[in-house]
Each structure stands twice: as structure tokens, then as C-alpha cells.
1. What size of dipole, in debye to the nearest 20, comes out for the chain about its Cα centre when the only charges are +1 on Lys and Arg C-beta atoms and -1 on Asp and Glu C-beta atoms?
2. Say R0 is 35 Å: what FRET efficiency, to the nearest 0.05, do VAL270 and GLU20 get from their beta-carbon distance?
3. How big is the chain in terms of Cα radius of gyration and Dmax, in angstroms?
4. Give me log10 I(q)/I(0) at q = 0.30 Å⁻¹ for region 73-114, Debye formula, one equal scatterer per alpha-carbon, no solvent.
5. Between GLU212 and HIS104, what's the calculated FRET efficiency when r is the beta-carbon distance and R0 is 25 Å? Round to 0.05.
6. Tabulate in residue order the Karplus-calculated ³J(HN,Hα) for region 175-183, using 6.51 cos²θ - 1.76 cosθ + 1.60 with θ = phi - 60°, rounded to whole Hz; enter x for Gly and Pro.
7. For the chain, set up a GNM with springs between Cα atoms under 10 Å and report which of LEU79, LEU136, LEU52 has the largest fluctuation.
8. Would you grab the residues whose amide H sits under 5 Å from the one on TRP65? Only those 5+ places off in sequence or on another chain, please, with H modelled 1.01 Å from N.
Amino acid sequence: MSEEEPAAPPDHTSAGLDREQLTEAKQYGRLGLICDLADKGIDLVFLALMALVVARPLDDGLARWSILADFESLRLVALLLITILLHVAVSFPLSLYSGHFLEHRFGLSKQTFRGWLWRYTKRCTLAVAFSAVIFLGLYWIIWLTGPWWWIVAAGGFFVVSVVLGQLTPVLIMPLFHKIEKLDMPELSQRLNRLAGGTGLSIEGVYRIVLSEETVKANAMLAGLGRTRRVLLGDTLLADFTPEEIEVIFAHEIGHHVCRHIRKMILSGMVYIAAGFWLCHGLLTAWVDWPGQSVDFHLLPVYTLPMVMFALTAFAMLLEPVQNFFSRRFERQSDRYALERTGAKEAYISAFQKLARQNKDDPDPHPLEVLLFHGHPPIAERLAMAERR
Ligand SMILES: [Zn+2]
């Protein structure tokens, strides 16, 4: 007589993808990573060249116009505009490839070339306007507060983060996506039950139209205080069962209940203070100070690309640390979703569907996850659910 063996737990490393789907997801993941690394490389080399070679002669050239010579703020904005526009020109081919052609090659994009170009132009315009305000503000703080600028600037950064956190879902996201109240009474009722007692009102659940751009399914928590809301992609609402949507919604409630956005803003302030402090040291050593004494009240305009380079390099170095905490938050929210719904089967099928629909490599190399991923791999998330 043979003894009955206990059934082996299912292997989740492929997240239910067949061999062909898995190969495709891995290929898409690899190409995406190469693009990301190339983009970072271009950013660093470009900003280093601007800072070390171009900035001073360019600033001298700009100062020949008397109005720019008299008003340093205007010259700063002019230098910023030139830097950003040159950067856009240099990185455009890669942005086009990774944002448009790569997505089409893997059947993930639903945008025409014109549609993509329009969104890209809007994004760049917003980035230019936002950077102009931020860097002008930063230099005013430096010129006004001198040696303690980096602490004051970190405080300023905190205020900007809070304001942006509030405005993002109501002012910025609608520039790119249609966002509307969730008009699905039956589903709303189910979600309402789940949100009960968490302080998140069903009034704050929205449908975000992603399907004009992509086939990928997504959901997110955004906003602060009165603008706090859960956004469910129409791609998710169309293709997932109510049980699966509930689990994903519960994951977003997890972010809300565990106050992850607030924690990210507060830790962001610590990071940026460290970044500004390092920048302070770099500028002290690098700048030709008038009269040889270090005086940040007189920080020259040509230092702008160096500040941009230092902050970009620092952000890249810090990315693995931020990703480490982000993955922790995601695991916390996953556990919350499983506890709150008790729907392990729906959780597993939802993540298998996400892997399939988004061509998300379920089990990328651990080093890649460690350095670049803000979410745990789907294989890990499924294995976690299986253990419960
Ligand atoms: Zn999440």
C-alpha cells in the first residue's frame, strides 16, 4: 500500500504564465531595465557635461544681455530652460523608444504616435514649469539664508510635497487621464463594506481611464486629507472579477490605513535634507567664491547644472533605499488585503492576471529587485499568500 503524500504547494514562480508568456514578460522586463539604465546614464553624463563644461561660458554669454546681467533670477530661469530643452533633445530618442515603440512591440500600448507625442509634450511642459518654480525658489532660499539654506530648503521641500500631495489627484492627474466617480452601484456597495471603519469614504473611489493609453491594469491611492482617494483603472474594472477588484481595493486601503503616503513624505524630507547638505559641501569645494570666502548669499547662477547633477546623482544612489521601504509598504498592504478580505484565491488569481495583462516578469533577478523595484515580485507575493 502506498502512503498518501501531502500535496506539494503550487509553484508560483511563473505566476500561471505559460512558457511563451513567461519568455515574453522576461524579455519586456529586460528591455525596460536596459532603457531605464541607459536613461540614467544619459542624465548623469549630460548634467555632468553641462555643469563642468557648458554652464560657465553659457552663463557668461547670457550675462551679455543687460537685462539678464541685472536680474540673476531671470538668468537662472534662462539657464534652466536651456538645460532642460537640451536634455529633452538628447534623451528624446530613448524616450520615444521606451515610451512608444517598446510598448507597441509588446502589445501594451493603445496610443497612436500623435497621441504619445501630445502626452510627452504635456509632460515636458509641466516639468519645465514646475522646475522653473522649484529651482527659482531654491536659489532664492540660498541667496536669502546663506549657509543654512539646506535646512530651510528641506523645510520648503516638505511644504511643496504636502501641497503637491493634495493637488496631484485633482489638478495634475486629470491633465493626463479622465477621472470620474465610480458608477458601478453593486461594486461600490461591496467596496463600501470593505472601506468601513478605515476613515476612507466610498466618495473617494474613482475610475481612472487608462485604456486610451495602455492595456495594463492598475490601481492606486493618491491625495492627502480631503483629496485622498483610491483610483481604479478602467482596465482593471473591465477585466477583473468583483472579488479580485475587492482584494486590490483592500490593498489600496492598506496603504491608507498604514499611512504610507504620509511616511513617504516625511522620509522624503530627511532624504532631501541629506541631499541638500551634500550639495552644500560640493558647492563649497567647487565654486570659485568671490574674494575666496564661502558666501552662499552670492552663489553664482552658473552652479545650477551642478546642483541638478548632484541632486540627480544623489537620488539615483538613494533609489535602492527608497525601493526597500516601498517594497515593505507593499508587503504590509498585501497582508492587510488578505486579512481584510480573507480571499486568498481571489488574491492569487488577481496577481496572476496582473502578471499576464501587464507582461510583468513574476520572478526577476534578485539583484534587479534589490536595486530597482518598488514592488515585490509577483512570485513572492503569491508565495506569501500561499503560506497563509
Ligand atoms: Zn501598493
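1. Dipole size: approximately 880 debye.
2. 0.15
3. Both quantities, over Cα of the chain: 23.9, 98 Å.
4. Debye curve over Cα of region 73-114, log10 I(q)/I(0) at q = 0.30 Å⁻¹: -0.94.
5. Here the calculated transfer efficiency is 0.95.
6. So the J values, rounded to whole Hz, are 5, 10, 9, 6, 10, 9, 4, 5, 10.
7. Comparing LEU79, LEU136, LEU52 in the GNM, the peak value goes to LEU52.
8. Amide H neighbours of TRP65, under 5 Å, 5+ apart: none.
Only the coordinates and a few stated rules stand behind these numbers; no lab work does. From a predicted model like this one, the values you see are computed outputs, not experimental measurements. Cβ sites come from the backbone with ideal geometry, for glycine too, and all protein chains shown count toward neighbours.
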